[in-house]
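Following: one structure in structure tokens, then a few remarks.
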Amino acid sequence: MHFDSSRVKSDGKDKKVSLKKKQTLHFVYLGSMLELLNLIGAELKPAQDGHWLDQIEPATGRVTGRLPRSKKADVDEAYSAANEAFPIWSVTPIEHRAACLRNLAALIKQHSDVLAHAESQDNGKPISLAKSVDIPRAEQNLAYFASAIEQFSSEAHIPAGPSHINYTHRKPIGVVGCISPWNLPLYLFTWKIAPALAAGNCVIAKPSEITPVTAWMLSQWVLEAGFPPGVLNIVHGLGPEVGQAIVEHPAIKAISFTGGTATGAHIARTAGPMFKKMSLELGGKNPAILFADCDFEKALQTTIRSSFANQGQICLCSSRILIEDAIYEQFRDALVSKVKRMIPGDPMLSDTKMGAVVSASHRDKILGHIQAAQLEGATLLCGGHLAEAPNDRCEKGYFVQPTVFENAGPDCAINQEEVFGPVITLQRFHSESEALQLANSSNYGLACTIWTQDLGKAHRVAAGVESGIAWVNCWLVRDLRTPFGGVKASGVGREGGWSALQFFTEPQNVCVSLT
Ligand code: TXE
């Protein structure tokens, strides 16, 4: 496949950042095996020791390619490239850095169909979702942080009758590590690298080994977008190997991580004593709180979406549905009747709403949670099993029925552990205070949804819920300027907007005598 780079231009602010040269893209999608490579400095290359991992399509169980199984030596090489690039990139004018980000955003937009196919094939998500959410958001992340860095400012403190003035100088940190998960592959990968690069850092990024393809496609456009070699390096491989090498590297000064809570805790144990800056976006066990005065139809439709979008594999998905007594039966019956009609389909077909879960081991983990819930005495209202393969192509794919339980107490494992799949529980509450008690009876604290027509009540409940994000009468509405992150076991730090740019810069107070 040949790609004409001359069609993509920078924003015109800096002609030096126009695209470098024509590139032949080495990928094909669908039908052929892919061979992925690391981007280190200016080179696309395999792991130094020549080891590979299989790349598997979740909808078919088929091996579709291979990716480098990188190790410490590859991280060391990426670090050298990044460290060499840092003195130039960190002082590159902001508008020049922003133009590189906009060029990369434009390349994503230009290739959005290929990227959406790749994301759907790699992850099992419906192609309609990849086209409408994942790929447009990846483009927006880069475009947003290009603008954000142009508007970013820092504080000054000027006392009355001043003899001194203080101002905060925000400097790029240096070489930073960005580690992203498999559920929203390019979406979360770009959400991390964009603010890091905009702020003037050099990056070693690692996508999930389960869904590496779109990050690899991106790596072929990095130089073309105008980034100097070494500014963005992308290494592939296993978390405990290449991911661990990034976290342990003594000169990588900050780690931005999204993934499981157990992995986050492990990273914190490693990076904490090294005094690295850390942003950890971890799991969720998010409540949807439905009061009797809610807009019933809107709450029902949105709760189905918030529970089962991306097969329930979004950290912001609702998994504990708390329903006020007066509408419990009505809501339960309406929800279950709709969920029973949700049949997983071939992710590559445009009308599929629910696809495959990401891997065989994740499928087995989800089924293990379902079995444990039944042993704990929860009542299965629908689902609970593997779903039938939607067609011959998908005969060996990983499909799980959307599953609804009731009669599981708040302390049951199914209400405490993150399933990260298409599985929800329904619980009944009688009062606002009981709703809050149930909502907060989890170690997690990422997000919640609150459904009521009474905005005073919505505000009280939002204030009482231990979560980083609260949506009132909506879900997954994301303004990229807002702080994003969780409390308790859902993580430390905030991403998004100024929070991300503050994370990726080191503030230095400069005090100047005026006398
Ligand atoms: O995630 P991991 P996994 C949750 C969800 C899921 C569970 C495990 O409950 O079932 O986590 O999923 C890299 N040092 N979420 O095992 O392992 C890894 O290579 C450095 C919630 O797939 O946390 C990948 O790039 N890096 C979630 C990334 O960490 C390491 C999204 C995430 O993988 C590493 C995904 C190490 N020692 C799963 N070990 C969310 N919050 O959105 C692994 N990695």
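The values are calculated or read from the model by the stated rules, or taken from the named source; none is laboratory data. In this text, all values refer to a predicted model and were calculated from it rather than measured experimentally. Neighbour counts are summed over all protein chains in view; Cβ atoms, including those assigned to glycine, are modelled from backbone coordinates with ideal geometry. Just the protein is used for accessible areas: all its heavy atoms, side chains included, with ligands, DNA and RNA removed. Shrake-Rupley method; radii C 1.70, N 1.55, O 1.52, S 1.80 Å.
Sparse packing (at most 12 other Cβ atoms within 10 Å of the Cβ) combined with a DSSP loop state is found for the following GluC sites (Glu not before Pro) in the range 356-408: GLU388, GLU395. Across the accessible surface of the chain, with the other protein chains kept in place and a 1.4 Å probe, carbon and sulfur atoms take up 54 percent. Each 5 Å bin from zero holds the following percent of Cα-Cα pairs in the range 286-478: 1, 8, 18, 21, 21, 15, 9, 5, 2, 1, 0.
DSSP bridge analysis restricted to the range 7-282 gives an antiparallel fraction near 40%, rounded to the nearest 5.
What percent antiparallel are the DSSP beta bridges of the chain, to the nearest 5?
Numbers: 32 of 72 bridges.
Counting only bridges with both partners in the chain, antiparallel ones make up about 45 percent.
Which of the chymotrypsin sites (Phe, Trp or Tyr not before Pro) across the range 252-299 are loop residues per DSSP, with 16 or fewer other Cβ within 10 Å?
Within the range 252-299, the qualifying chymotrypsin sites (Phe, Trp or Tyr not before Pro) (loop, at most 16 other Cβ atoms within 10 Å) are PHE275.
Normalising the average separation of contacting C-alpha pairs (under 8 angstrom, six or more residues apart) by the number of residues puts the relative contact order of the range 7-282 at 25 percent.
Each part reduced to its alpha carbon centroid, the range 435-459 and the range 74-93 end up 44 Å apart.
For the range 286-478, DSSP calls about 15 percent of its internal beta bridges antiparallel. Considering the zone a paramagnetic label at ASN166 would reach in this model (a point 7 Å from Cα along the Cα-to-Cβ line), which residues of the range 490-509 have amide N under 13 Å from it? So the set is 508-509. At a probe radius of 1.4 angstrom, the accessible area of the chain per residue rounds to 39 square angstrom. Backbone N atoms of the range 33-61 closer than 14 Å to the 7 Å Cα→Cβ label point of SER80 belong to residues 40-43, 48-49. Packing order of peptides 88-99, 72-83, highest average first: 72-83, 88-99 (average count of other Cβ atoms within 10 Å over each peptide's residues). Counting charges near LYS253 (Lys, Arg +1; Asp, Glu -1) among other residues having Cβ under 11 Å from its Cβ returns a value of +1. Trypsin sites (Lys or Arg not before Pro) within the range 332-381: which are DSSP loop residues with at most 10 other Cβ atoms inside 10 Å? Counting only loop positions with at most 10 other Cβ atoms within 10 Å, the trypsin sites (Lys or Arg not before Pro) in the range 332-381 are ARG341. For the range 472-511 versus the range 242-298, the spacing of their alpha-carbon centroids is 12 Å.
Straightening the chain between MET274 and SER513 buys 82.6 nm, computed as 0.36 nm per residue apart minus the Cα-Cα spacing.
Summarising the overall dimensions of the chain from its C-alpha atoms, the Rg and Dmax are 23.5, 81 angstrom.
Computed per residue of the chain from DSSP H runs no shorter than four, each worth -39500 (n - 2.57), the mean residue ellipticity at 222 nm is -10000 deg cm²/dmol.
With a simple spin-label model that places each label point 7 Å from the Cα along the Cα-to-Cβ direction, the separation between ASP54 and HIS157 comes to 5.9 nm.
Extension gain for the segment LEU44 to VAL63, taken as residue separation times 0.36 nm less the Cα-Cα distance, is 4.7 nm to one decimal. The length gained by stretching the chain between ASP351 and GLU297 to full extension, at 0.36 nm per residue less their Cα-Cα distance, is 17.2 nm.
Rounded to the nearest 20 debye, what is the charge dipole size of the range 435-508 about its Cα centre when +1 sits on each Lys and Arg Cβ and -1 on each Asp and Glu Cβ? If you can, show how the numbers build up before the last one.
On the way: 6 positive and 5 negative charges, 26 e Å.
Approximately 120 debye in magnitude.
State to the nearest 20 debye the size of the charge dipole of the chain about its Cα centre, where the only charges are +1 on K and R beta carbons and -1 on D and E beta carbons.
So the dipole magnitude of the chain works out to roughly 1180 debye.
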